[in-house]
Amino acid sequence: MLPRGSVLLLSLSVWISSTCWEKVLAQQPPFQLNIATTPPTCEGDKGIIVVNPSGGTAPYSYSFDGSPPQYSGILAVGDGTAHYIEVTDATGIKVTTTVTLPAGDLPSVSVTNVTPISGCGMSDGVIYVQGVGGVPPYTYSIDKSIWSYRQNFVGLSAGNYIIFVKDAKGCIQFTTYNIKDCVNPTISVGNSICGSGGVINLQVNDAHPPYTYSLNGLNYQSSGTFTQLVPQTYTVYIRDGNGAVYLCHAVVLDQCGLQVTAQVQEAGCGRQDAKIFVTASRGMAPYMYSIDGVNFQSNNTFANLRIGRYSVLVVDAAGNREIEAVQVADNCPDMLSATTDPTVPTCGKPGATITVTANGGTAPYQYNIDGGPFQNSNVFPGVAPGMHYLSVKDAMGAIVTISAQVQATAGITADGGGDVSLCEGQATRIMAASNGASFSWEPATGLDDTTVLQPEASPSTNTTYTLTARTGVCEATATVNVIVTTPKVYIGRDTSILKGEPLPLQAVDINNTGFDSWSWDPPEWLDNAHGQAPVAHPQGSVVYTVVASTASGCSANARIAVKVFSVVGIFVPSAFTPNGDGHNDVLRAIPMGIKEFGYFAVWNRWGQRVFYTRDPAIGWDGSVGGKPGEAGAFIWKVSGIDYRGDKVLREGTVFLIR
């Protein structure tokens, strides 16, 4: 018994007339498979595998990838996968093979160049694309609804875009690109210690890298860290990879106590022309200066002074106080002079003691104060705070007069705790500080208790509160401003767009309330319903409402109505009613899908042009020559260039109804 599939060859020999003839039966052709393939046209399409057996014994049965036998040798399959084929003839002989269907030639698209937006919120970005593969020519689309042979998309704002390419076979592929917006630096500041060592550190991770940084706009560096800075306000220049420059500000403070020195220019002999030059450092500028504790000036020089002892008081911007005592003398050689040494009174004992020391002249001396009688004692007790004039008279009758300042110091302090801000309708606690025994606040409006050191304030408007702290007869005052902010958010005027176009939305914090969360309703067609600046792709007219909130509970809301058109053009209503009721009072041209607006003009029936504008936001209020126009028909014309670069020119009739 021969095995299945073998071929038996028979040989027959016949002797005829002594001649040997040999006849060999013809050999049967081998059982084999002929494969024909048709690859898919586009991605996702089916290709065809056709199996044509030869040899063997018909009929044949076919099994593809282990499937039950069938009597068709045609299989529709996807590409890129090996397919196992088994064919069995009528005698049971099997032949197998493996076929991988080749992939179709598909197109692809890539972004070849990008022109970024020129500034924050601008819509002048451009994306350039190039198609390859497949069967050219190619058409391109950014919304898969409008196709063009142009290889660039213009007038783009910041956001994510999907760019599609379609070849001559109709096969479609896509790629994505993100146009970024302005820089948003992270800034940290390390204060200086006694005049030096301050640090500013900036970090930018968005928009258009690489970034370089400068403190003067001339010398740029790749690092965003500046060290060894003195205390002051700095302007930091940030330059991105496209050469655009952004500015931000940082304040380096000085963590060091206030220091004061004073120099004296002596008075001329017998003249009142002495000067004191005060130098303040550290602390927090600007500084205010005084020599009587009452009258302050920003100038650090005091002129036209008499000889005498002065207490120079300096107060910095943070309220720190420092006193420097100086003695002003004259330059009279061997002449009578005097100095004073007043003590500092304490609260409850307001009197100070002034001791006068005479020099030069001829002893013995006599003394008086503020023009009173002369006395032999050079000590004046119980002197009230303020400026006093003391005279010394020698034995020869020479008199010299000097001044002495008695400071009105108190042993009690008061600090309002710094200005605070709150939202309208909220309350905040005033963090005042004082060593006083009792307290009172004015005005009482908005305070829960005017007799405690730290009341809770809830004013309805900006209010300056004054704290008076008392201990016995001593008192001190301080003020604090409570700033009331009315939360307000703005997302623009009602608008209209072409269906399929993106609509960037921006919620603006009008009063700088400090919103940190956003909720948009409805969320449909928004790429981020909880962002400050989502992008909408509305498929129909919609009214969006945003609620902006802060962590402290402040909130505000705003709405915008978006009308969606499905065609490109400039549209003008057929009638309007300029009667001042706030509805349909102004006739405007409405551009949809228009890249460049040309003009909008209106003529009356006598051919007189009564209105003209190149701004689509400006409309005709129905007036002619400054007066209300008559009711009737008017002719209008509009022009522009749509987003594809095609010119748009339309005209029509509008009825003014009164």
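Ignoring the sites themselves, what is the longest stretch of the chain with no chymotrypsin sites (Phe, Trp or Tyr not before Pro) in a DSSP loop and at most 11 other beta-carbon atoms within 10 Å?
Numbers: sites that count: 71, 149, 606.
By the stated rule (loop sites, at most 11 other Cβ atoms within 10 Å), 150-605.
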(request) Among 413, 556, 170, pick out the residue whose Cα is farthest towards the positive end of the charge dipole of the chain, where Lys and Arg carry +1 and Asp and Glu carry -1 on C-beta, about the Cα centre. (result) 170
(request) State the Cα centre-to-centre distance between segment 440-469 and segment 256-282 in whole Å. (result) 41 Å
(request) Compare the Cα positions of 643, 619, 590 along the charge dipole of segment 569-656 (+1 at Cβ of Lys, Arg; -1 at Cβ of Asp, Glu; about the Cα centre) and return the one farthest towards the positive end. (result) 643
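If you place +1 on the Cβ of every Lys and Arg, -1 on the Cβ of every Asp and Glu, and leave all else neutral, what size is the dipole of the chain about its Cα centre, to the nearest 20 Debye? Numbers along the way, then the final one.
Values: 36 positive and 50 negative charges, 347 e Å.
Dipole of the chain, to the nearest 20 debye: 1660 debye.
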(request) Specify which residue in the list 546, 226, 512 is farthest towards the positive end of the charge dipole of the chain, using unit charges on the beta carbon of Lys, Arg (+1) and Asp, Glu (-1), about the Cα centre. (result) 546
(message) I need the phi-derived Karplus couplings for segment 502-510: 6.51 cos²θ - 1.76 cosθ + 1.60, θ = phi - 60°, integer Hz, Gly and Pro marked x.
(response) x, 10, x, 10, 9, 8, 9, 7, 4
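Looking at segment 132-176, which trypsin sites (Lys or Arg not before Pro) are DSSP coil and have at most 15 other C-beta atoms within 10 Å of their C-beta?
Passing sites in segment 132-176 are 144, 150, 169.
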(request) Can you pull the one-decimal nm distance between simple spin-label points at residue 175 and residue 486, each 7 Å off the Cα toward Cβ? (result) 5.2 nm
(request) Search the structure for amide H atoms under 5 Å from the amide H of residue 325, placed 1.01 Å from N in the peptide plane, and list their residues when 5 or more places away or on another chain. (result) 312
(request) Specify which labelled value, from (i) 43, 28, 24; (ii) 60, 31, 22; (iii) 95, 40, 25, agrees with semi-axes √(5λ) of the Cα gyration tensor in Å derived from the coordinates of the model shown. (result) (iii)
(request) For segment 361-399 and segment 579-642, write down the distance between their C-alpha centroids in whole Å. (result) 91 Å
(request) Work out from phi, with θ = phi - 60° and the Karplus expression 6.51 cos²θ - 1.76 cosθ + 1.60, the ³J(HN,Hα) of each residue of segment 625-636, listed in order in whole Hz, and give x for Gly and Pro. (result) x, x, 10, x, x, 6, 5, x, 8, 9, 9, 10
(request) Please report the base-10 log of the normalised intensity I(q)/I(0) for segment 489-565, using a Debye sum with one equal scatterer per alpha carbon and no solvent, at each q in 0.14, 0.20, 0.21, 0.23 (1/Å). (result) -0.41, -0.78, -0.85, -0.99
(request) Figure the gain on full extension for residue 111 and residue 633 (residue separation times 0.36 nm, minus the Cα-Cα span) and round it to one decimal in nm. (result) 182.8 nm
(request) Only residues of segment 297-328 count here: report those whose backbone N is under 15 Å from the spot 7 Å along Cα→Cβ of residue 288, or say none. (result) 297-300, 313-322
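Using a simple charge model, +1 on the beta-carbon of Lys and Arg, -1 on the beta-carbon of Asp and Glu, nothing else, what dipole does segment 489-565 show about its Cα centre, in debye to the nearest 20? Can you show the working numbers first?
Details: 4 positive and 7 negative charges, 47 e Å.
Its charge dipole is roughly 220 debye.
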(message) Please rank 648, 154, fewest neighbouring Cβ atoms within 10 Å first, as an exposure proxy.
(response) 154, 648
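If I take all pairs of Cα atoms in segment 569-656, what percentage of them are more than 19 Å from each other?
When every Cα pair of segment 569-656 is considered, 35 percent fall beyond 19 Å.
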(request) Note down the net charge around residue 135, summing +1 for each Lys or Arg and -1 for each Asp or Glu among other residues with Cβ under 10 Å from its Cβ. (result) -1
(request) Give the calculated FRET efficiency between residue 263 and residue 615 to the nearest 0.05, with a Förster radius of 56 Å applied to their Cβ-Cβ distance. (result) 0.30
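Just so you know, all these numbers are worked out from the coordinates, no wet-lab data involved. This one's a predicted model, so the numbers in the text were calculated from it and none came from an experiment. Positions of Cβ are generated from backbone atoms using ideal geometry, with glycine treated the same way; all protein chains shown enter the neighbour counts.
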